[in-house]
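Just below is one structure, and these are the notes that go with it.
Every read-out reported here was derived from the displayed coordinates using simple, explicitly stated rules and does not represent laboratory data. From a predicted model like this one, the values you see are computed outputs, not experimental measurements. Counting neighbours? That spans all protein chains shown, and the Cβs are built from the backbone with ideal geometry, glycine included.
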């Protein structure tokens, strides 16, 4: 019941100029679900990667970081871009940084977001910038922890 149907429905709920507040609040959250607390919405095909400036299009590999002195949001098209970009930041190893990466096993229209430090990474995938790691919530055959995947990428350099 999102979009125009929601607005039409809310218009009919007005009684004496007052809307039924709890129901109205619940319905107004319709379009905002799916983004974890603290994570900014990614505008697919419009937002660009903080590091490489490519449009963020392939939802399976998107990542985001929130942190730094101003608690800013930084968006990435590939977890590899996030790894290399964080390495260049003075605050890049701060444990208070919040990070998200798309679970490659989730449906593109219903993404699940993972903390990359808790995710498992499988190599050999075709990612936007060629770092070729996809994140999964559950361990997969041959999967790596974030620290292992990060170390492999940094050794290769790119």
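Give me the number: length gained by fully extending residue 87 to residue 118, i.e. 0.36 nm times residue separation minus the C-alpha to C-alpha distance, one decimal in nm.
9.3 nm
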Can you tell me how much longer the chain between residue 70 and residue 96 gets when fully stretched, taken as 0.36 nm per residue apart minus their C-alpha distance, in nm with one decimal?
8.1 nm
When the label point is put 7 Å from the Cα of residue 148 along its Cα-to-beta-carbon vector, which residues of the stretch 96-129 have a backbone N closer than 18 Å?
104, 115-125
Where in the stretch 90-128 does the amide nitrogen come within less than 19 Å of the point 7 Å from the Cα of residue 57, taken along Cα to Cβ?
102, 108-109, 125-128
Could you line up 126, 57 from fewest to most neighbouring Cβ atoms inside 10 Å?
126, 57
Which order do 107, 87, 75 fall in if you start with the one that has the fewest other Cβ atoms within 10 Å?
107, 87, 75
